[in-house]
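Each remark here refers to the structure printed beneath this line.
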Amino acid sequence: MSTKSRLIEDFEAANSLRFLAQAYEQISVVKMQQIRRSVLKTRDFLDRLADVFVDVKGSYKNKILELIKKKKNTTEVTSFSTLAKNDKSVAVLISANTRLYGSIVYQVFDTFSRFIKEQKATDVVIVGKIGKELFEAVDKRPYAYFELPDNDVSFAQLESLVGRILNYKKVTVFYGQFINVLNQTPKALEITGEQSLDDRITEQERNLHFLFEPSLENILNFFETQFFTSSFKQTVNETQLARYASRIDAMEQAIVSIDKKIKNIKYLKLRAIKDTQNKKQQQKFAGVRK
């Protein structure tokens with residue numbers, strides 16, 4: 001193959017890659033805008049839900065304390081929950097199924113990997129094919145694996161995963177947090193909710209009385225389950241948002257690199273054309289001399 005033909009092929013390949021990178025970038029921008037709106041709405045919803053949850057849990061706490069007082073029981077109660085916790089901890093890695101999401105997927109895994117090396121007794125749950133590959137390359141301990149779509153995850157798709165981790169005393173989720181288009185950071189978040197809600201009750205110091213139907217226990221159980229599920233889904237949405245932002249950054253860097261490659265190919269093509277012209281001129285002059 002001649003140098004000119006090879007350069008033409010390289011130029012076409014580079015242009016195709018540039019088109020592909022631009023397409024990925026544009027799709028990611030649209031997806032990021034959609035998910036960002038969802039994340040902000042859910043964030044507001046969870047904040048409002050937490051206020052109601054505080055009232056329900058506060059009522060349940062007061063009811064338990066009153067029963068203890070009537071029975072003159074001196075046993076200290078450390079948890080006011082309707083969920084049967086198993087007194088164990090679990091670390092959940094939210095990863096991706098495909099590549100081309102930039103560096104955030106690997107940064108989150110590094111944070112997760114350091115945590116489980118220090119917390120050897122914690123159970124491990126992996127979400128996503130990339131996380132599974134990375135984990136199996138560095139750790140041999142048993143783990144539970146779940147696969148979720150890389151976008152548009154529904155509550156129904158979370159059901160089996162949430163059912164697996166709901167009764168753990170401590171649930172730490174590792175995911176990518178969106179700061180802005182240029183910055184995404186790995187984050188570890190406890191979504192058990194017990195301590196944060198107890199603090200919120202203390203801060204509000206509300207002394208409201210409610211009537212509950214069918215029962216306080218049933219309503220609190222519903223809130224505990226739904227609040228946990230909604231909080232977990234929020235981390236999944238945050239991860240998707242961070243991944244698309246990371247992909248935009250990665251594709252932008254790829255386009256810059258491809259543009260440099262295209263510029264270099266154009267230069268080499270011009271030089272090849274000039275070399276061909278020079279050879280023709282030399283051959284013409286050689287023919288004249290003869």
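Assorted remarks:
- Among the residues of segment 114-131, those identified as in a helix (DSSP H, G or I) and under 24 Å from N97 (Cβ atoms) are R114, F115, I116, K129, I130, G131.
- Taken as a whole, the structure leaves K261 outside the set of residues that are closer than 30 Å to D10 by Cα and without any contact (Cβ under 8 Å) to a residue 12 or more places away in the chain.
- Figure legend. Inter-residue proximity from segment 114-129: first residues on the phi < 0 side of the Ramachandran plot, second residues among the basic types (K, R) and at pLDDT 95 or above, beta-carbon distance below 8 Å, spacing 6+ or different chains. Indicated pairs: I126/K132.
- Within segment 1-22, no residue that is without any contact (Cβ under 8 Å) to a residue 12 or more places away in the chain and in a helix (DSSP H, G or I) sits with its Cβ atom under 6 Å from a residue that is surrounded by 15 or more Cβ atoms within 10 Å (Cβ to Cβ) and basic (K, R) at 6+ positions apart or across chains.
- Among (1) surrounded by 14 or more Cβ atoms within 10 Å (Cβ to Cβ); (2) modelled with pLDDT of 85 or more; (3) not in a strand (DSSP E or B), the one test that N221 misses: (2)
- Taken together, the residues in segment 132-188 that are of a type outside the set (S, T, N, Q), touching a residue at least 24 places away in the same chain (Cβ under 8 Å), part of a loop (DSSP other than H, G, I, E, B) and over 21 Å from E118 (Cα atoms) amount to 8.
- Qualifying residue in segment 78-99 (condition: modelled with pLDDT under 90, among the small types (G, A, S) and under 30 Å from E25 (Cβ atoms)): no
- Within segment 121-156, the set of residues being closer than 19 Å to V105 by Cβ and of a type in the set (V, I, T) comprises V124, V125, I126, V127, I130, V138, V153.
- Checklist (1) buried (at least 17 other Cβ atoms within 10 Å of the Cβ); (2) modelled with pLDDT under 85; (3) closer than 27 Å to R99 by Cα applied to N180, failing item: (1)
- Segment 9-59: number of residues that are surrounded by 14 or more Cβ atoms within 10 Å (Cβ to Cβ), in contact with a helix residue (DSSP H, G or I) (Cβ under 8 Å, 6 or more places away or on another chain) and not polar (S, T, N, Q): 22
- Residue in segment 95-109 that is out of contact with any Phe, Trp or Tyr (no Cβ under 9 Å at 6 or more places or on another chain) and assigned to a strand (DSSP E or B) present: no
The values are calculated or read from the model by the stated rules, or taken from the named source; none is laboratory data. Computed from a predicted structure; not experimentally measured. Note: ideal-geometry Cβ built from the backbone for every residue, glycine included; neighbour counts use all protein chains shown.
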